[in-house]
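**Student:** Once you've had a glance at the structure underneath, I'll fire off some questions.
The values are calculated or read from the model by the stated rules, or taken from the named source; none is laboratory data. Here the structure is a predicted model, which is why all the values come from computation and not from measurement. FYI the Cβ positions are ideal-geometry reconstructions off the backbone, even for glycines, and counts take in every protein chain you see. Remember, those area values only see protein heavy atoms, side chains included, never the ligands or the DNA or RNA. Shrake-Rupley method; radii C 1.70, N 1.55, O 1.52, S 1.80 Å.
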Amino acid sequence: MNVKNVTVNLLFKKCSKKDNEVLDMMNGSVIAITSGKGGVGKSTVSVNLAIALARMGKTVALIDLDIYGFSIPKIMNLQSSPKTVNGKIIPVESHGVKVMSMGFLIKNNEPVVWRGPMLGKMVEHFSKDVLWGELDYVLLDMPPGTGDVALDMHHFIPQSKEIIVTTPHKTAAHVAERAGTMALKAKHDILGVVENMAYFKPNDRAELYYLFGKGGGTELANKLNTNLLSQLPIEEPVESTDTPGIYEEGTKLYSEYNLLAERVHSLLS
Ligand SMILES: Nc1ncnc2c1ncn2[C@@H]1O[C@H](COP(=O)(O)OP(=O)(O)OP(=O)(O)O)[C@@H](O)[C@H]1O
């Protein structure tokens with residue numbers, strides 16, 4: 001047989017009554033932060049956007065759903081595990097943000113070797129068994145790509161809206177388009193695109209250097225018919241702190257994340 005074309009139709013299950021319990025737990029506006037490829041800065045954007053929303057006085061939860069590649073505890077330098085009360089987990093609080101991550105449940109940086117259905121359970125567990133309290137925003141740091149966790153998220157949390165992170169590089173933007181298309185097929189709103197590592201500006205010069213090329217973010221936003229929310233520069237990490245991936249006052253990225261948080265808040269109000 002000579003097969004030339006194969007069409008794959010994704011089926012998204014309707015929410016059952018039990019699933020709706022998850023929706024009830026997620027009482028804030030849910031924003032899933034996704035990317036096509038790894039390494040484009042998705043977790044860094046999730047952390048800094050969550051902190052910038054908290055700076056605006058919002059109550060924010062940050063859930064690390066990057067089950068295999070969790071990095072939020074490392075970026076935020078979180079060493080303590082969450083406590084439990086009557087079988088419910090109290091999230092760890094840092095920089096004004098309530099955090100939950102697979103990293104809290106794994107000892108000694110062991111690799112996670114789970115298959116699809118177990119991942120679904122974890123999505124459910126983080127949503128239902130954690131005492132989140134009243135929330136304005138729930139940010140979900142998704143794994144890169146369009147795998148099982150992304151499908152579970154679309155199923156369990158259909159009200160979530162997506163921010164897609166890419167670099168300006170054409171390949172990253174091309175791969176990120178697939179994550180966007182998956183969201184659109186699942187009838188999820190896309191809030192917009194964040195182009196990370198858009199340019200580098202040395203402190204002593206006016207010129208901008210486009211180290212990863214130019215235009216990937218705009219192209220992706222146009223293809224998905226959505227907004228380009230931000231173009232974040234490359235900034236050298238301050239290695240002398242415990243949290244070099246968190247951009248403090250005085251840096252260009254601190255101001256850019258404040259603008260991004262205001263933009264996101266106004267789109268959701
Ligand atoms: N704007 C930026 N300027 C400089 N470095 C950055 C910037 N954004 C992210 N980085 C750095 O790039 C690296 C990758 O970032 P991060 O871990 O957030 O990517 P990711 O997309 O979440 O990757 P993965 O999906 O593989 O976990 C980190 O070392 C991070 O500190």
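**Student:** Quick check on the range 78-127: of everything there that is of a type in the set (D, E, K, R) and open to solvent by 80 Å² or more (accessible area, probe 1.4 Å), which residue is modelled with the highest pLDDT?
**Tutor:** Glu93
**Student:** Could you grab me the full set of residues in the range 233-251 that are over 17 Å from Gly96 (Cα atoms) and modelled with pLDDT under 95?
**Tutor:** Of everything in the range 233-251, those that are over 17 Å from Gly96 (Cα atoms) and modelled with pLDDT under 95 turn out to be Glu235, Glu236, Pro237, Val238, Glu239, Ser240, Thr241, Pro244, Gly250, Thr251.
**Student:** Just to be sure I understand the filter: pairs with C-beta atoms under 6 Å, separated by 6 or more residues or on different chains, first member in the range 65-77 and open to solvent by 20 Å² or more (accessible area, probe 1.4 Å), second member within 9 Å of the ligand (Cβ to nearest atom) and outside any helix (DSSP H, G or I). Which pairs pass?
**Tutor:** Close Cβ pairs satisfying both conditions: Ile75/Gly245.
**Student:** Here is a check on your reading of the model: is Ser43 closer than 29 Å to Arg178 by Cα and either at pLDDT 90 or above or over 13 Å from the mean Cα position of the chain (by Cα) (or both)? Lay out the reasoning, then the answer.
**Tutor:** Numbers: closer than 29 Å to Arg178 by Cα: yes; either at pLDDT 90 or above or over 13 Å from the mean Cα position of the chain (by Cα) (or both): yes.
Yes.
**Student:** I've got another one for you. Give me the pairs: first residue in the range 36-51 and under 11 Å from Ser71 (Cβ atoms), second residue of a type outside the set (D, E, K, R) and in a helix (DSSP H, G or I), beta-carbon distance under 9 Å, and six or more apart or on different chains, which are they?
**Tutor:** So the pair list comes out as Gly39/Ala172; Ser43/Ile72; Ser43/Ile75; Thr44/Ile75; Ser46/Ile72; Ser46/Ile75; Val47/Ile72; Val47/Ile75.
**Student:** Does Ile51 satisfy the condition of being open to solvent by less than 60 Å² (accessible area, probe 1.4 Å), away from the ligand (no atom under 11 Å from the Cβ) and within 22 Å of Glu195 (Cα to Cα)?
**Tutor:** It is true that Ile51 is open to solvent by less than 60 Å² (accessible area, probe 1.4 Å), away from the ligand (no atom under 11 Å from the Cβ) and within 22 Å of Glu195 (Cα to Cα).
**Student:** Residues that are within 12 Å of the ligand (Cβ to nearest atom) and either closer than 30 Å to Lys58 by Cα or open to solvent by 50 Å² or more (accessible area, probe 1.4 Å) (or both): list the helices (runs of 4 or more DSSP H) wholly contained in the range 158-269 that include at least 3 such residues.
**Tutor:** Correct list: 252-268.
**Student:** Related question: Would you check if there is a residue in the range 28-47 being open to solvent by 30 Å² or more (accessible area, probe 1.4 Å) and either touching a strand residue (DSSP E or B) at 6+ places or on another chain (Cβ under 6 Å) or away from the ligand (no atom under 11 Å from the Cβ) (or both)? I'd like the intermediate steps shown before the answer.
**Tutor:** First, pick out the residues of the range 28-47 that are open to solvent by 30 Å² or more (accessible area, probe 1.4 Å): 29, 37-39, 44.
Restricting the remaining residues to those that are either touching a strand residue (DSSP E or B) at 6+ places or on another chain (Cβ under 6 Å) or away from the ligand (no atom under 11 Å from the Cβ) (or both) gives 29.
Looking through the range 28-47, at least one residue is open to solvent by 30 Å² or more (accessible area, probe 1.4 Å) and either touching a strand residue (DSSP E or B) at 6+ places or on another chain (Cβ under 6 Å) or away from the ligand (no atom under 11 Å from the Cβ) (or both).
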